[in-house]
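A short write-up of the structure that comes next.
The values are calculated or read from the model by the stated rules, or taken from the named source; none is laboratory data. Predicted model, so just to flag it, every value in this text is computed and none were measured. Cβ placement follows ideal geometry from the backbone for every residue including glycine, while neighbour counts extend to all protein chains displayed. Ligands, DNA and RNA are stripped out before the accessible areas are found, and what is left, the full protein with its side chains, is counted by its heavy atoms. Shrake-Rupley method; radii C 1.70, N 1.55, O 1.52, S 1.80 Å.
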Amino acid sequence: MEQPVLQVRDLRFSYDGKGQALGGVSLDIRAGERIAVLGPNGAGKSTFFLCLNGVLTPGSGEILLDGKPVGKKERKRLCERVGIVFQNADDQIIASTVAAEVSFGPMNLRLPKEEVVRRVDHALDYMDLQAFRARPPHELSGGEKKRVTIADILAMESEVILFDEPAASLDPMGEERLEAVLGRLSDEGRTLVISTHDMDFAFRWATRAVVFAGGQVIADGAPDAVFRDAETLRRAHLKPPALLEVFDMLRARGLVPADAVCPRTAAGLEALLDSGRA
């Protein structure tokens with residue numbers, strides 16, 4: 001089996017030395033996966049992301065990158081390989097112009113000027129931000145700021161990208177644009193791990209669902225299986241995706257084959273229904 005790009009072993013973290021934000025999390029992340037991280041507020045999802053990116057140092061446990069333990073001296077390597085896009089773009093943006101913001105990470109890597117310019121231009125093109133390069137980020141809309149923060153990580157050329165509630169504050173058009181970018185990144189082989197409260201998005205997008213509750217992983221598997229586990233949904237205060245509920249109602253009425261697997265999209269369900277009428 002392919003070596004996971006990231007491995008987490010019994011990860012524990014506490015903010016105050018008392019309660020555990022993470023209480024022994026173990027997880028393998030393989031190259032190219034699309035993972036939805038689910039769970040209620042306070043379940044430990046954001047803390048987990050910050051540990052994976054090297055922003056926080058776990059109290060105990062181990063993180064392995066390409067099978068090699070990441071110690072304090074290797075945290076820079078972790079930051080270079082694993083990028084994070086924060087839920088609130090204002091928490092991530094620090095520079096006075098969009099171009100300066102996107103160049104900040106590559107410059108900190110002490111790359112040659114030509115390489116920094118190449119990476120910045122590529123990231124701005126990728127996120128359709130060239131027209132904004134001289135603009136102060138604080139003047140941009142919420143959706144435009146989100147695109148800047150994604151460009152930040154693209155300029156770092158991170159292999160693994162963590163998105164903490166990326167659709168927060170986006171309007172429907174912004175959500176559609178974000179999902180298109182995620183699809184493109186996935187097609188290019190990036191490993192994407194996304195924390196989200198949108199069960200419909202998680203169901204249609206992810207190849208794997210990981211559920212957090214109380215600082216621990218309580219479920220990990222294919223989205224269809226995870227969303228059919230009533231006890232997991234109860235413990236994590238999750239609701240099944242609307243498409244799965246509709247599919248189960250149709251199957252109960254004999255309108256789709258009893259052995260059919262629920263499609264991930266409404267178009268897929270429509271195709272299934274059409275095939276049954278043929």
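The figures follow:
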item: Those residues of region 149-176 which are open to solvent by 70 Å² or more (accessible area, probe 1.4 Å) and either under 18 Å from residue 203 (Cα atoms) or at pLDDT 95 or above (or both), in sequence order; result: 172, 175, 176
item: Every pair of residues 6+ apart whose Cβ atoms lie under 7 Å, when the first sits in region 82-93 and is among the small types (Gly, Ala, Ser) and open to solvent by 70 Å² or more (accessible area, probe 1.4 Å) while the second is in a loop (DSSP other than H, G, I, E, B) and at pLDDT 90 or above; result: none
item: Enumeration of residues in region 60-118 that are polar (S, T, N, Q) and under 21 Å from residue 46 (Cβ atoms); result: 60, 87, 88, 92
item: Selected residue (only one of 54, 42 is surrounded by 15 or more Cβ atoms within 10 Å (Cβ to Cβ) and either farther than 24 Å from residue 92 by Cβ or not hydrophobic (A, V, I, L, M, F, W, C) (or both)); result: 54
item: Helices (runs of 4 or more DSSP H) contained in region 205-278 and holding at least 1 residues among the basic types (Lys, Arg) and more than 30 Å from residue 185 (Cβ to Cβ); result: 230-236, 242-252, 266-277
item: Selection within region 187-215 - under 29 Å from residue 118 (Cβ atoms) and open to solvent by 20 Å² or more (accessible area, probe 1.4 Å); result: 187, 188, 189, 190
item: Filter result for residue 135 (at pLDDT 90 or above and not in a helix (DSSP H, G or I)); result: yes
item: Criterion (open to solvent by 20 Å² or more (accessible area, probe 1.4 Å), in contact with a helix residue (DSSP H, G or I) (Cβ under 6 Å, 6 or more places away or on another chain) and charged (D, E, K, R)) met by exactly one of 119, 75; result: 119
item: Restricting region 101-111 to residues that are at negative phi and modelled with pLDDT under 95, the residue that is least open to solvent (accessible area, probe 1.4 Å); result: 106
item: Pairs where the first residue, in region 212-232, is under 19 Å from residue 23 (Cβ atoms) and the second is charged (D, E, K, R), C-beta under 8 Å, 6+ apart; result: 212/45; 213/235; 218/235; 219/229; 220/208
item: Looking only at region 216-250, and only at residues there that are over 15 Å from residue 36 (Cβ atoms) and small (Gly, Ala, Ser), the one that is least open to solvent (accessible area, probe 1.4 Å); result: 242
